[in-house]
Amino acid sequence: MLQEPGTPRTSRLRRSGPLIPDRRARTRRTMKLYTARLAPNPRRVTMFVAEKGLADRIEAVTLDLATQTKTPEHFARHPLGLLPVLELDDGSMLSESRAICSYLETVQPEPNLMGHTADERAFIEMYDRQVEFALLAAVAGWVRHGHPGLVALEPVQVEAYAQLSADKARKAADWLDVHLSDRAYMAGNRFTIADITAFCAVEFGRLVKFKPWETHTHIARWREAVLARPSAQAS
Ligand SMILES: N[C@@H](CCC(=O)N[C@@H](CS)C(=O)NCC(=O)O)C(=O)O
């Protein structure tokens, strides 16, 4: 809440902590990215970090999704016990892949991955969210309910839900292929965050043998271009 200059903070606010931590009041230290192998959301951020050339400035801490995310230590970082989490240099914990990327885009504006102008920013966000909700969510449902290795995260795996998610993922791939038929990348002629989200979703599907690039030519051409980027190899 905005306050008049000089207005003291209420004791209630002081007890629960400010919504946005006062970054000036703390000492600076290296940022840490809590991440996990193979998981698509942590990979989105790892790829984003690599594209920004920030890997040397952020320490990666790899946790085991099955055994190290529902612990008191990790609940202190993320109330739902999920990954990724970026620990900022003031010690505050930022989660949600897109929020982490927005923060990093501001800290390191170039190369631009989220848009310069109002139009660019809005359309890149639109594609990023479409791909997150239509493709990544479907692939995640399919893998979590259809792959035996995910039983630690999804103790009651529902076969029907895996099938429903598989159908949705295939439909999303059909849409993606048409979408990519007249453009090099998700948002036009340059690589953006929307390509990172789409790529991480498609690659995660390999766990259930979902390989839309084998049947969809535009996805195949686009995937080759993304695979060739150092960030794809580094994540
Ligand atoms: N909306 C969150 C999703 C985070 C999420 O669901 N992460 C998964 C890995 S991809 C996770 O931590 N899963 C652990 C669990 O479900 O217990 C984001 O964008 O970061």
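Any read-out appearing in this document is the output of simple, stated calculations on the displayed coordinates, not a laboratory observation. Everything quoted here is computed from the prediction, not taken from an experiment. So basically every Cβ, Gly included, is an ideal-geometry build from the backbone, and we count neighbours across all protein chains shown.
A compact table of results
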{"item": "Order of MET186, MET31, MET126 under a 10 Å beta carbon neighbour criterion, fewest first", "result": "MET126, MET31, MET186"}
{"item": "Degrees between helix 159-179 axis and first principal axis of the chain (Cα, 0 to 90, nearest 10)", "result": "80 degrees"}
{"item": "Per-residue HN-Hα couplings for the range 214-222 [Karplus 6.51, -1.76, 1.60; θ = phi - 60°; Hz; x = Gly/Pro]", "result": "6, 10, 10, 5, 6, 4, 4, 5, 5"}
{"item": "Virtual spin-label span in nm between VAL158 and ALA99, 7 Å along Cα→Cβ", "result": "2.7 nm"}
{"item": "Amide H contacts of GLU59 (H built 1.01 Å from N, under 5 Å, at least 5 apart or other chain)", "result": "MET31, LYS32, LEU33"}
{"item": "Ranked VAL85, VAL226, VAL45, VAL61, criterion: other C-beta atoms within 10 Å, fewest first", "result": "VAL61, VAL226, VAL85, VAL45"}
{"item": "The range 63-143: trypsin sites (Lys or Arg not before Pro) falling in loop per DSSP and having at most 14 other Cβ within 10 Å", "result": "LYS70"}
{"item": "Alpha-carbon centroid distance for the pair the range 52-119 / the range 186-231, whole angstrom", "result": "22 Å"}
{"item": "0 to 90° range, to nearest 10: angle between helix 97-107 axis and the chain longest Cα axis", "result": "60 degrees"}
{"item": "Residue-wise HN-Hα coupling along the range 67-72, computed from phi with Karplus coefficients 6.51, -1.76, 1.60 (Hz; x: Gly, Pro)", "result": "10, 10, 9, 10, 10, x"}
{"item": "Of LEU180, PRO155, ALA169, farthest towards positive along the dipole that unit charges on Lys, Arg, Asp, Glu beta carbons give the range 150-193", "result": "LEU180"}
{"item": "Amide H contacts under 5 Å for TYR185, placed H, 5+ residues apart", "result": "ARG190"}
{"item": "In the chain, lysine pairs with alpha-carbon atoms under 20 angstrom apart (chain gap of 8 or more, or interchain)", "result": "6"}
{"item": "Per-residue HN-Hα couplings for the range 49-66 [Karplus 6.51, -1.76, 1.60; θ = phi - 60°; Hz; x = Gly/Pro]", "result": "4, 5, 4, 7, x, 9, 4, 6, 9, 10, 7, 8, 10, 8, 10, 7, 4, 6"}
